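The values are calculated or read from the model by the stated rules, or taken from the named source; none is laboratory data. Since the structure is predicted, the reported quantities are computational estimates derived from the model, not experimental observations. Cβ coordinates were reconstructed from backbone atoms using ideal geometry, including for glycine residues, and neighbour counts include every protein chain displayed.
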Amino acid sequence: MNNAGKAPVSLGLLGAAAFMVIADVRVIDPLLHIIADEFKVGVGSAAIIVSAYTIPYGLFQLVYGPLGDRIGKLKVITAALTAFAVGTAACAFVPNIMLLTLLRFLTGVVAAGIIPVTLAYIGDNFPYEQRQTAIGKYLSALVLGQILGGSLGGIFGQYVSWRELFLVFGVVSLVISIELWRKIGKLRHETHSHVPFGWATFRPYLQLMTQPAAQTVIIGVFIEGFCLFGGFAYVGAFLRDRYSLPYVAIGFMISGFGIGGLIYSRSVKYLVRRLGERGLMGFGGVLMCISFLAIALWQNWVLFVPFNILMGLGFYMMHSTLQTQATELAPEARGTAVSLFAFNLFIGQGIGAAAFGRIVDHFGYIPCFIITGIAIAFLALWLVKQKQQY
């Protein structure tokens with residue numbers, strides 16, 4: 001049933017919350033080299049702050065999804081954003097990388113309750129035939145986070161300080177959470193299911209993974225997170241080491257990934273109609289593969305900009321399709337299904353960043369990007385073949 005017109009909280013406000021979470025993740029890309037230098041560690045070692053955020057972000061999806069189904073998605077989103085605001089602001093005052101890692105871990109724990117639960121909320125309010133378009137619009141906020149997160153990271157890294165940036169993010173997130181609490185306070189109640197919460201909470205995850213369609217989506221998004229974001233975490237450091245570019249320039253260049261996502265969000269109706277789900281996943285994988293190989297082999301920083309935009313476009317073509325499929329895996333417990341999806345995306349990202357960090361430290365950036373591109377191509381081929389079977 002389409003309840004889109006009755007949604008108690010607008011996608012615009014929820015999008016603002018998503019913007020802050022994504023910007024907070026992407027701001028690290030141009031800052032990784034700066035943070036490594038300040039705390040006197042290698043870039044690969046400094047990437048622990050990436051894994052420290054993304055791994056708990058993924059793990060706690062398993063809690064927030066069923067919790068949202070049980071007590072109400074909007075309550076979970078707002079409480080998580082409030083805690084996220086406090087944790088992010090606290091990162092501005094850390095004296096060493098160990099404490100920064102701990103705070104990023106705790107921030108990842110609470111950030112897990114925002115975007116995936118919102119996607120489940122969208123699934124509750126839009127029928128499947130309209131859902132990919134609705135998710136595409138919601139992705140506009142995430143895309144802006146991608147764009148401005150990298151840009152702000154470069155600007156603050158070059159001219160101010162990464163510490164002040166975390167403080168600003170925390171304050172803005174707190175303002176958004178206060179507005180969400182105000183909106184929720186006007187509601188008499190929020191519709192939610194009677195899904196039990198406790199040890200039995202995790203039984204639906206096992207049941208989901210017995211479905212062939214769910215296995216494809218979940219394995220696919222894990223590999224996507226492992227390869228794409230695991231490799232992409234080192235793009236900013238690569239641009240600095242290879243071309244000695246200023247951090248502000250690196251930030252804006254990395255933001256091209258988000259521009260590719262913005263192109264997708266504005267053309268999603270046409271692309272879905274023209275290519276279908278198989279075409280989106282296959283063509284998206286090809287674009288990502290070509291982009292990584294080009295960045296690795298055509299060592300000209302000017303070419304990085306268009307290929308990074310193509311990479312972003314390719315990612316959103318594949319990822320949005322998998323995301324839409326995830327919202328339909330368990331309509332009676334959509335929060336649980338979307339949480340399992342997000343769990344695998346971010347666990348993959350966290351493990352991938354750590355794994356590719358070892359490659360970067362021992363063999364350099366080029367092998368890292370080549371391996372990433374080839375792996376994504378094989379992933380796209382596998383997803384297309386699997387889609388033919390169901």
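Here are a few things to note about the model shown:
- Of note, Gly285 satisfies the criterion of being touching a helix residue (DSSP H, G or I) at 6+ places or on another chain (Cβ under 8 Å), in contact (Cβ under 8 Å) with a residue 60 or more places away in the chain, crowded, with 20+ Cβ neighbours inside 10 Å and farther than 25 Å from Thr118 by Cβ.
- Residues that are surrounded by fewer than 24 Cβ atoms within 10 Å (Cβ to Cβ) and part of a helix (DSSP H, G or I) were ranked within segment 63-73; the one that is nearest to the chain's Cα centre (by Cα) is Val63.
- Odd one out for Ala79, checked against (1) assigned to a helix (DSSP H, G or I); (2) under 27 Å from Phe232 (Cα atoms); (3) free of Cβ contacts under 8 Å to residues at least 60 places away in the same chain: (2)
- Residue match in segment 118-134 (condition: in a helix (DSSP H, G or I), surrounded by fewer than 21 Cβ atoms within 10 Å (Cβ to Cβ), under 22 Å from the mean Cα position of the chain (by Cα) and at pLDDT 80 or above): no
- The requirement of being part of a loop (DSSP other than H, G, I, E, B) and not acidic (Asp, Glu) is satisfied by Pro95.
- Count - residues of segment 227-245 that are closer than 21 Å to Gly350 by Cα and not hydrophobic (A, V, I, L, M, F, W, C): 4
- Residue count for segment 137-151, restricted to those that are within 9 Å of Arg26 (Cβ to Cβ) and in contact with a Leu (Cβ under 9 Å, 6 or more places away or on another chain): 2.
- Residue in segment 287-308 that is of a type in the set (Gly, Ala, Ser) and farther than 23 Å from Asp241 by Cα present: no
- Per the listing Phe169, Phe84, the residue uniquely crowded, with 23+ Cβ neighbours inside 10 Å, in contact with an Asp or Glu (Cβ under 6 Å, 6 or more places away or on another chain) and in a helix (DSSP H, G or I) is Phe169.
- Yes/no for Ile359 being surrounded by fewer than 23 Cβ atoms within 10 Å (Cβ to Cβ) and at pLDDT 95 or above: no
- In segment 8-49, of all residues being assigned to a loop (DSSP other than H, G, I, E, B) and touching a residue at least 24 places away in the same chain (Cβ under 8 Å), the one that is farthest from Phe229 (Cα to Cα) corresponds to Pro8.
- Filter result for Gln215 (modelled with pLDDT under 85, within 30 Å of Lys269 (Cα to Cα) and not small (Gly, Ala, Ser)): no
- Residue in segment 7-22 that is over 26 Å from Leu340 (Cβ atoms), crowded, with 21+ Cβ neighbours inside 10 Å and in contact with a Phe, Trp or Tyr (Cβ under 7 Å, 6 or more places away or on another chain) present: no
- Matching option when the condition is of a type in the set (Gly, Ala, Ser) and at pLDDT 85 or above, among Gly58, Gly113, Gly65, Gly44: Gly113
- So Ser291, is it part of a helix (DSSP H, G or I), over 28 Å from Arg358 (Cβ atoms) and of a type in the set (S, T, N, Q): no
- Answer residue from segment 255-271, given it is at pLDDT below 85 and assigned to a helix (DSSP H, G or I) and is farthest from the chain's Cα centre (by Cα) among those: Lys269
- Within segment 288-312, considering residues that are among the hydrophobic types (A, V, I, L, M, F, W, C) and under 21 Å from the mean Cα position of the chain (by Cα), the one surrounded by the most Cβ atoms within 10 Å (Cβ to Cβ): Met288
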